[in-house]
Amino acid sequence: MTETGVRSKEWEKSFEEIYEGAVDESNPPLALFQKAYDGAIIATSYAEILLSQAIRRYGPDHPVGYPDTGYYLPVIMNLSGEKVTKLGELVPILNRMRNQIKEELNFYNARLCGESTAYAAEIIEALRYLKGEKLHVDPWTGFLGDPVVRRYGILLVDWTIPGQAVIVGKAKSTEALAKIVSDLQNKGFMIFMAYEVVDQAIEAGLKLGIDFITFTLGNFTQVIHAVNYALRAGLAFGGIAPGLREEQRDYQRRRVRAFVLHFGERDEVQVAAHFAAIFLGFPVLVAEELPADEQIPNWYISHPDYDTLVQVALEVRGIKLKILDIPVPFAVAPAFEGEAIRKKDMYLEFGGGRTPSFELVKMVGENEIEDGKVEVIGPDVDQIEPGSAISGGIYVKIYGRKMQEDFEGVLERRIHDFVNYGEGLWHTGQRNTCWYRVSNDCVAKGFRFRHYGDLLIAKFKDDFPAIVDRVQVTIYTDPKLVEEKLEEAREVYARRDARLAGLTDESVEVFYSCTLCQSFAPNHVCVVTPERLGLCGAVSWLDGKASNEIDPTGPNQPIKKEGVIDEGKGIWTSVNEFVYNNTNRNIEECSMYSFIDRPMTSCGCFECIMAIVPEANGVMITTREHGGMTPCGMNFSTLAGTVGGGIQTPGFMGHGRAFILSKKFIKADGGLARLVWMPKELKDWLGDDLRKSAEAQGLGADFVDKIADETVGTSTEEILPFLEEKGHPALTMEPLM
């Protein structure tokens, strides 16, 4: 089952209206307000002591900040606009927060106590990072860097992730906590945990960590990391300037949709922290019996019934879940998108260069499809030995009155997301280089191949209702039929690629981004042009254009070509700005046509990896299918670990197979003439097209015969004599370095 959030009208009210009438002024919860006041005094006093000690030890000019973020101290930056970089700058800020703590006990002042406590907690936690040490080991997370915000933040604010649950305290039992956390995970929630519930979650064997968007923070003030994560999501995706305090609070209340679940006893600091949540519009539910003078209707709620606690939290927070009932025996939610399945945990796999595989989405007529039909042709899971690598293919037929052929590739690429939403399922790659794995746990729960079809049918219809009316899925595991259908798929891929033939980078005004792989590589952005397809090989410029038409807020955004900096290398101001803002401000510049000077980043779905071969003054290319050694001294897996993950690595670059045929292929570095080695399989796959490309670039049709492969050798010592004998042009070109 998967759920998506639907807006509740209750939450359309203006920000201050949501607090009006919450407290009975004739009988206010004074005991609760007193705890908030006492807790704020304790928190700010403790922050003052630690800050004074730090300044005495390091000096007021000593740098302060969290690691791996461009948002300084996010709570302070978001609410006040102050970009703190030095210890001494925190003194007046903390004094200001202490001064707003008032002895008069009322709801308004209690919320200000909450704000002051949030500032104090941020300061206390930032001081823990002064030495630059790694403070946590898995599954403990502590402060989460900006790549994690980029990876999941947009899903949080667009409600793909329906909300954020902050769980603190100690539950009455490990089993009770496990049930609540599992329920929230299955509903797709982002979860933060602090205090003893973390130990209980570990004891229960729950799936924890970044890959499951279930973050274990620690004790005391570390719960602030749930707050600074939410605030950074607002800064990154809300379009509201730092320091616009009321607008930022309103955005949090409307879009982040967080709530707090507290278990067990509460101390004063915890209550003050609860009011920090309420200050941002997040209600608090306490799973204990509370007296009337410690409750506020809709804001500070006593609800000791564990069985209905999540349901009530969603109702109070205004989260309406659109329930998509998928008949599969495993959970389906974005929480499982980053789940990795290691070899030891794998029941079976197909593709990834190990076995033949494909995935294909085809538009068909209304008489060519049986809606909802799923067929498995070949052995099913229960007929396959554990640990096996099999041949496999997934063929999806789609009919829709508004469906277009140009949309096929776009929908095909979403298979990547939908399969990864399944708990115990894993997918990477695309087209005929896709790679699927199924975990032992998933098979133990009853997974069969037809469940791929059930999942895809439900998600295609739910996510693309405007263009998808009917869906039919066939899963092939018969090796002979996989090979037959693979040929059909290749013909379709070729036709799609051919539609691009008449387009050039100069003939269009916009390029398109692709951020589909940011779940694996948060700092990676593909820039797709007519002459440079996505490095996965599956996203062309036309695909980007079609995807943007289907989903204007999706992963394929238009990038205007403006402010040319270097036409030869393919560097534009507008492209740099887009890449910088969408790589967590990690990549400042990138070039479209160079792998030496500021190359584009690589994720992990690349079909090929290029590497410099200095001894030959050229480049080599290897593929996922070629598992052997290469002239750069690394095989594909080692290179992928070096190049992937969204980093910019001059001299190395991931790319699609067809990019080799482009006139823009490393044009700034000498183009195709630099290619000195590639696997024979790739040379054969490119075939006559490679010869035609060489001729078109003035290299002659015999240039292909001058390119070495593994039959010549896999080391520079082995291939250099061959290159010299053949008179390879790279040997006499200007030095690459």
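The values are calculated or read from the model by the stated rules, or taken from the named source; none is laboratory data. This one's a predicted model, so the numbers in the text were calculated from it and none came from an experiment. In this analysis, Cβ positions are derived from the backbone assuming ideal geometry, glycine residues included, and neighbour counts consider all displayed protein chains. Just so you know, the surface numbers come from the protein's heavy atoms only, side chains and all, with ligands and any DNA or RNA stripped out. Shrake-Rupley method; radii C 1.70, N 1.55, O 1.52, S 1.80 Å.
Plugging the Kirkwood radius over Cα pairs into Stokes-Einstein for segment 439-598, at a temperature of 37 °C and a viscosity of 0.692 mPa s, what D comes out in µm²/s? Write down the numbers at each step before the final one.
Numbers: Rh = 18.3 Å.
Estimated via Stokes-Einstein, D reaches 179 µm²/s.
Tell me, what is the FRET efficiency for residue 498 and residue 711 to the nearest 0.05, using R0 = 35 angstrom and their Cβ-Cβ distance as r? Could you put the intermediate results ahead of the total?
Values: r = 31 Å, r/R0 = 0.87.
Once the sixth-power term is evaluated, E becomes 0.70.
For residue 140 and residue 183 in the same chain, what is the full-extension length gain: residue separation times 0.36 nm, less their Cα-Cα distance, in nm?
Details: separation 43, 0.36 × 43 = 15.48 nm, distance 2.10 nm.
The residue 140-residue 183 span can extend by a further 13.4 nm.
Using Stokes-Einstein with the Kirkwood hydrodynamic radius over Cα pairs, what translational diffusion coefficient do you get for the chain at 20 °C and a viscosity of 1.002 mPa s, in µm²/s rounded to a whole number?
Working: Rh = 27.8 Å.
Rounded, D is 77 µm²/s.
Go ahead and collect, in residue order, the members of segment 204-230 whose backbone nitrogen is under 19 Å from a label point 7 Å along the Cα-Cβ direction of residue 196.
Taking a point 7 Å out along Cα→Cβ of residue 196, the residues of segment 204-230 whose backbone N falls under 19 Å are 204-206, 216-223.
What lysines does residue 131 reach when the alpha-carbon gap must be under 21 Å and sequence neighbours fewer than 8 apart in one chain are set aside?
83, 86
So what is the relative contact order for segment 591-737, in percent, with contacts set as C-alpha pairs under 8 Å and at least six apart? All intermediate terms of the calculation are to be shown ahead of the outcome.
Values: 260 pairs, mean separation 40.8, N = 147.
Once divided by the residue count of segment 591-737, the mean separation gives 28 percent.
Treating the beta-carbon of each Lys and Arg as +1 and of each Asp and Glu as -1, no other charges, what is the dipole magnitude of the chain about its Cα centre, to the nearest 20 debye?
Numbers: 77 positive and 106 negative charges, 131 e Å.
The dipole magnitude comes to about 640 debye.
If you plug each phi of segment 100-106 into the Karplus form 6.51 cos²θ - 1.76 cosθ + 1.60 with θ = phi - 60°, what whole-Hz ³J(HN,Hα) values come out, in order, with x for Gly and Pro?
Those phi angles translate into 8, 7, 9, 6, 5, 8, 7 Hz.
How about segment 305-355: which trypsin sites (Lys or Arg not before Pro) there lie in a loop by DSSP and see at most 13 other Cβ atoms within 10 Å? Walk me through the numbers before you get to the answer.
Values: sites: 317, 320, 322, 342, 343, 344, 354; in loops: 342, 354.
Sparse-neighbourhood loop trypsin sites (Lys or Arg not before Pro): 342.
Excluding residue 582 itself, calculate the net charge of residues whose Cβ lies under 13 Å from the Cβ of residue 582, where each Lys or Arg counts +1 and each Asp or Glu counts -1.
On the way: positive: 150, 151, 585; negative: 146, 577, 588.
Overall, the nearby charge balance is 0.
Probe 1.4 Å, all protein chains in place: accessible area of residue 363 in Å², nearest 10?
So the heavy atoms of residue 363 present about 70 Å² to solvent.
Just add up the charged neighbours of residue 412: K/R +1, D/E -1, any other residue whose Cβ is under 11 Å from the Cβ of residue 412. Walk me through the intermediate numbers first.
On the way: positive: 362, 413, 414, 431, 496; negative: 359, 408, 543.
Charge balance near residue 412 sits at +2.
When Rg is the radius of gyration of the Cα atoms in segment 173-330 and Rh is its Kirkwood radius, what does Rg/Rh come to? Intermediate results must be reported in sequence, preceding the final value.
Numbers: Rg = 15.9 Å, Rh = 16.7 Å.
A ratio of 0.95.
Ranked highest first by the average count of other Cβ atoms within 10 Å around their residues, in what order do 463-474, 144-155, 164-175 fall?
Numbers: 463-474: 18.9, 144-155: 22.2, 164-175: 20.7.
So the order, starting with the most tightly packed, is 144-155, 164-175, 463-474.
Could you grab the relative contact order for the chain? Cα pairs under 8 Å, six or more apart, rounded to a whole percent. Display every interim value, and only then the final one.
On the way: 1560 pairs, mean separation 77.9, N = 737.
Result for the chain is 11 percent.
With all protein chains present, how much of the accessible area of the chain (probe radius 1.4 Å) comes from carbon and sulfur, to the nearest whole percent?
Numbers: 13580 of 27800 Å².
Result for the chain: 49 percent of the exposed heavy-atom area is carbon or sulfur.
For residue 564 and residue 62 in the same chain, what is the full-extension length gain: residue separation times 0.36 nm, less their Cα-Cα distance, in nm? Intermediate values should be presented prior to the final figure.
Numbers: separation 502, 0.36 × 502 = 180.72 nm, distance 4.00 nm.
176.7 nm is the gain from fully extending residue 564 to residue 62.
Report Rg (one decimal) and Dmax (nearest whole number) for segment 36-161, counting Cα atoms only, units Å.
Taking only Cα atoms of segment 36-161, I get Rg and Dmax of 15.8, 47 Å.
Which of the GluC sites (Glu not before Pro) found in segment 37-105 are loop residues per DSSP with 12 or fewer other Cβ atoms within 10 Å of their Cβ? Working shown, then result.
Details: sites: 48, 82, 89, 103, 104; in loops: 82, 103, 104.
Here the sparse-neighbourhood loop sites are 103, 104.
How long are the three semi-axes of the equivalent ellipsoid for segment 127-235, computed from the Cα gyration tensor as the root of 5 times each eigenvalue, in whole Å, largest first?
21, 19, 11
At 7 Å along Cα-to-Cβ for each site, give me the label-to-label distance between residue 629 and residue 702 in nm.
3.2
Suppose each label sits 7 Å from its Cα in the direction of the beta carbon; what would the residue 315-residue 293 distance come out to in nanometres?
Modelled inter-label distance: 2.9 nm.
If you wrap a convex hull around the C-alpha atoms of segment 152-198 and split its volume per residue, what is the figure in Å³?
Details: hull volume 2.8 nm³, N = 47.
Considering the Cα atoms of segment 152-198, their hull volume per residue is 59 Å³.
I'd like the antiparallel share, as a percent to the nearest 5, of DSSP beta bridges with both residues in the chain.
On the way: 45 of 84 bridges.
About 55 percent, rounded to the nearest 5.
Using the scaling law 2.2 N^0.38 Å as the reference, what is the normalised Cα Rg of segment 306-385?
Working: Rg = 19.4 Å, N = 80, 2.2 N^0.38 = 11.6 Å.
That ratio works out to 1.66.
Over segment 60-141, what is the relative contact order in percent, taking alpha-carbon pairs closer than 8 angstrom and at least six residues apart?
Details: 73 pairs, mean separation 27.7, N = 82.
The normalised contact order for segment 60-141 reaches 34 percent.
Classify segment 506-606: rounded, prolate or oblate, from the alpha-carbon gyration tensor (a ≥ b ≥ c, eigenvalue square roots; a/c under 1.5 rounded; otherwise prolate if a/b is larger than b/c)? Don't skip to the answer; put the middle values down first.
On the way: a/c = 1.42, a/b = 1.13, b/c = 1.26.
Because its axes are fairly even, with a/c under 1.5, segment 506-606 counts as rounded.
Residues of the chain: accessible area per residue at 1.4 Å, in Å²? List each step's numbers first, then the result.
Details: 27800 Å² over 737 residues.
For the chain, the per-residue accessible area is 38 Å².
Exactly which GluC sites (Glu not before Pro) in segment 484-521 are in a DSSP loop and have at most 11 other Cβ atoms within 10 Å?
Details: sites: 484, 487, 488, 491, 506, 509; in loops: 509.
The qualifying sites are 509.
In whole Hz, with x marking every Gly and Pro, tabulate ³J(HN,Hα) for segment 253-262 from phi via Karplus 6.51 cos²θ - 1.76 cosθ + 1.60, θ = phi - 60°.
5, 7, 9, 7, 6, 9, 8, 10, 10, 10
Which ³J(HN,Hα) values, rounded to whole Hz and listed in residue order, are derived for segment 76-93 from phi using the Karplus coefficients 6.51, -1.76 and 1.60 in 6.51 cos²θ - 1.76 cosθ + 1.60 with θ = phi - 60°, glycine and proline given as x?
5, 4, 5, 8, 10, x, 7, 9, 6, 10, 10, 4, x, 5, 7, 4, x, 5
Determine the calculated [θ] at 222 nm for the chain from helices alone, applying -39500 (n - 2.57) to every DSSP H run no shorter than 4 residues and normalising by the residue count; nearest 500 deg cm²/dmol.
Numbers: 21 runs with 251 residues, N = 737.
Counting only the DSSP helices, I get -10500 deg cm²/dmol.
Sort largest first and round to whole Å: the equivalent ellipsoid semi-axes of segment 241-295, each the square root of five times a Cα gyration tensor eigenvalue. Mind showing how you got there, number by number?
Numbers: eigenvalues 130, 25, 16 Å².
Rounded to whole Å, the semi-axes are 26, 11, 9.
With the cut-off at 1.5 for a/c, could you classify segment 566-689 from its C-alpha gyration tensor as rounded, prolate or oblate? Don't skip to the answer; put the middle values down first.
Details: a/c = 1.88, a/b = 1.44, b/c = 1.31.
Prolate.
Please list, in chain and number order, the residues 5+ apart from residue 348 or on another chain whose amide H is under 5 Å from its amide H, with Hs placed from the backbone.
The answer is 387, 438.
Roughly what would the spin-label model give for residue 688 and residue 382, points 7 Å off Cα along C-beta, in nm?
5.0
Could you order peptides 293-299, 609-615, 639-645, 377-383 by the average number of other Cβ atoms within 10 Å of their residues, highest first?
On the way: 293-299: 17.0, 609-615: 21.7, 639-645: 19.1, 377-383: 14.1.
Answer by packing, highest mean first, reads 609-615, 639-645, 293-299, 377-383.
Among 547-556, 23-32, 412-421, what's the highest-first ranking by average C-beta atoms within 10 angstrom per residue? List each step's numbers first, then the result.
Values: 547-556: 18.0, 23-32: 14.5, 412-421: 22.1.
For the peptides 547-556, 23-32, 412-421, the packing ranking is 412-421, 547-556, 23-32.
No other cysteine beta carbon under 4.7 Å away is the test; run it over the chain and list who passes.
113, 434, 442, 590, 608, 632
Which FRET efficiency value, to the nearest 0.05, is calculated for residue 158 and residue 324 with the Förster distance at 25 angstrom and r the Cβ-Cβ distance? Please report the intermediate quantities before stating the final value.
Details: r = 16 Å, r/R0 = 0.66.
According to the calculation, E is roughly 0.90.
Scan around residue 675 for amide H atoms under 5 Å from its own, H built in the peptide plane at 1.01 Å from N, and keep only partners 5 or more places away or cross-chain.
The list, which skips near neighbours in sequence, is 619.
Using a cut-off of under 19 Å, list every residue of segment 165-183 whose amide N is near the label point 7 Å from the Cα of residue 307 along the Cα-to-beta-carbon line.
172-183
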